[in-house]
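Asks: Quick one: the structure is below, and I'll ask about it shortly.
Values quoted throughout were computed directly from the atomic coordinates according to the rules given, and no laboratory measurement underlies them. All values derive from a computational prediction rather than experimental measurement. Quick reminder, even Gly has a Cβ in these numbers, built from the backbone with ideal geometry, and neighbours come from all protein chains shown.
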Amino acid sequence: MERIALRVENATKAFGALLAVDEVSLSIAEGEKHAILGPNGSGKTTLFNVITGDLPLTSGKVFLYDHEISSLSAYRRIRSGIRRTYQNTLLFGGLTVFENLFLAVKGVQPDRYSLRSVTSSSPAAEEVGRIAAMLRIDGFLSEPVADLSHGNQKLVEIGMALAGEAKVILLDEPVAGLSHEDRALIPKVLSNLPRNITLVMIEHDMNVALQFADFVTVLHNGKAIRERLTVDQVKNDRYIQELYVGGQRAHA
Ligand code: ADP
Ligand code: MG
């Protein structure tokens, strides 16, 4: 039987009078690749913020597997397995790929405040190696992150999200601003992650989203106007197609 990895129940986030997220419910199965589509300003990033605890919910609940996590701090949610990447890459550009990944691995360990020296034989360093190999960035471990292509920088960020026991990873427009080749690279690498990791991707480019996703939710003005559509259902949905193309024009 399929297990639900991430469940959002009637999530609402108000900024003053604006309902940026308005009674949104989601049910995402373990291992599912789920895309969140919607025009600019439709509440996609805010939805991620309330799932991760970066922002408090106004009302509603969030569950990771069977555990309600809505009242946990953002850090406790990370420890429980909810991870994210941001629209704008957050990396230590002057540090190497190894050092960035190492900090992420140490950051989710219970003894994260201990200042043990960085040795290549420590369990943390071994985990860095495993993550880098999985994302095919093991050839860049000793390079400063600032010297990498934007696509490889995004992979480092995804690697940081994988550290420890990542269960659900929320990716906020991971291919935005990337070159043509890098745009194809990211979904390919994501499809090679372990099958039990659940991926939720916000994507502005409908083609990328449909290539990636098993199921799609469409947000508009903070509301989920379509839930758990298949890729074919999205392609055959005239309203969504028009709304989306309209949204992209407005964005361009
Ligand atoms: P999307 O990611 O779909 O482009 P956002 O979630 O960023 O949309 O924004 C949804 C709406 O909420 C927008 O109208 C935006 O201006 C507003 N908004 C987002 N964050 C804040 C905030 N911290 N304070 C006030 N309004 C916000
Ligand atoms: Mg956004």
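Asks: Mind giving me the nanometre distance, one decimal, between the label points for Lys61 and Lys188, set 7 Å out from Cα along Cα→Cβ?
Replies: 4.3
Asks: Turning to a different aspect of this structure: Which Rg and Dmax, in Å, describe the Cα atoms of the chain?
Replies: 18.1, 58
Asks: Then there is this: On a C-alpha basis, how far is the centre of region 32-74 from the centre of region 120-187 in Å? Whole number, if you could?
Replies: 23
Asks: Ok, one more. Looking only at Leu199, Leu90, Leu210, which one moves most when the chain is put into a Gaussian network model with springs between Cα atoms under 10 Å?
Replies: Leu90
Asks: Grab the chain and count how many Lys pairs have their alpha-carbon atoms under 21 Å apart, sequence gap of 8 or more, or different chains.
Replies: Lysine pairs satisfying the spacing and distance rule in the chain number 22.
Asks: I need the phi-derived Karplus couplings for region 185-196: 6.51 cos²θ - 1.76 cosθ + 1.60, θ = phi - 60°, integer Hz, Gly and Pro marked x.
Replies: With the stated coefficients, region 185-196 comes to 5, 4, x, 5, 5, 4, 6, 9, 6, x, 5, 7 Hz.
Asks: Please compute, for the alpha-carbon atoms of region 1-80, the extent along each of the three principal axes and give them in descending order in Å.
Replies: 40, 26, 18
Asks: Can you give the % of DSSP beta bridges in the chain that are antiparallel, to the nearest 5?
Replies: Of those bridges, close to 55 percent are antiparallel.
Asks: Take Glu68 and Arg3, extend 7 Å from each Cα along the Cα→Cβ direction, and tell me the distance between the two endpoints in nm.
Replies: Those two pseudo-labels are separated by 2.1 nm.
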